[in-house]
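What follows is one structure encoded as structure tokens, with my remarks underneath.
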Amino acid sequence: MKNLIVTCKDKLAAVKTALATMLFFAFSSAHAALPDTADPTNAAADGDYIGLIKGYAFDIAIVLGLVLGTVAFLAVAKNMVAVYNDIGAGKKTWGDMGMHGGMGVLLLVFVVYLLTEAAGIIF
């Protein structure tokens with residue numbers, strides 16, 4: 001009986017070792033295929049870490065500007081849907097929807113203009 005228990009322990013240890021080795025080699029090869037990080041749009045010279053951080057900050061600011069523009073677009077779309085709902089309820093007319101649509105387009109153009117100017121001034 002003791003021989004059986006010792007044999008089982010030895011085989012279990014061998015299986016654990018084999019599994020650990022397979023897992024090690026399976027995950028170590030995954031690191032070899034990772035891509036390099038992309039340089040920012042305003043790439044700095046090699047070794048200029050402050051310039052690199054400024055480049056990434058510029059990219060982050062541009063993405064935040066795009067998010068702000070998207071929020072403005074969604075606000076205009078929500079307003080248009082609300083006016084359309086009021087037209088169905090008889091509270092507003094189609095002229096009101098046209099007015100809201102025109103002002104929404106002007107608002108979006110103004111927001112995009114301000115974001116473009118801010119990107120040029122800040123960086």
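Do the conditions hold for G47, that is, is it over 29 Å from L114 (Cβ atoms), loosely packed, with under 10 Cβ neighbours inside 10 Å and not aliphatic (A, V, I, L, M)? Criteria met by G47. Within the range 53-75, the presence of a residue that is at pLDDT below 90, part of a loop (DSSP other than H, G, I, E, B) and surrounded by 12 or more Cβ atoms within 10 Å (Cβ to Cβ) is excluded.
Condition check for A18 on (1) surrounded by 12 or more Cβ atoms within 10 Å (Cβ to Cβ); (2) farther than 30 Å from M103 by Cα: one failure, at (1). Within the range 76-112, the set of residues being of a type in the set (A, V, I, L, M) and either in a loop (DSSP other than H, G, I, E, B) or in contact with a Leu (Cβ under 8 Å, 6 or more places away or on another chain) (or both) comprises V76, V111. The residue that is farthest from T70 (Cα to Cα), among those in the range 82-118 that are touching a Gly at 6+ places or on another chain (Cβ under 8 Å) and surrounded by 15 or more Cβ atoms within 10 Å (Cβ to Cβ), is L115. All conditions in (1) modelled with pLDDT of 85 or more; (2) touching a helix residue (DSSP H, G or I) at 6+ places or on another chain (Cβ under 9 Å); (3) in a helix (DSSP H, G or I) hold for A119, with the sole exception of (1).
The values are calculated or read from the model by the stated rules, or taken from the named source; none is laboratory data. Not measured: the values here are computed from a predicted model. Ideal geometry is used to build each Cβ from the backbone, glycine not excepted, and the neighbour counts take in all protein chains shown.
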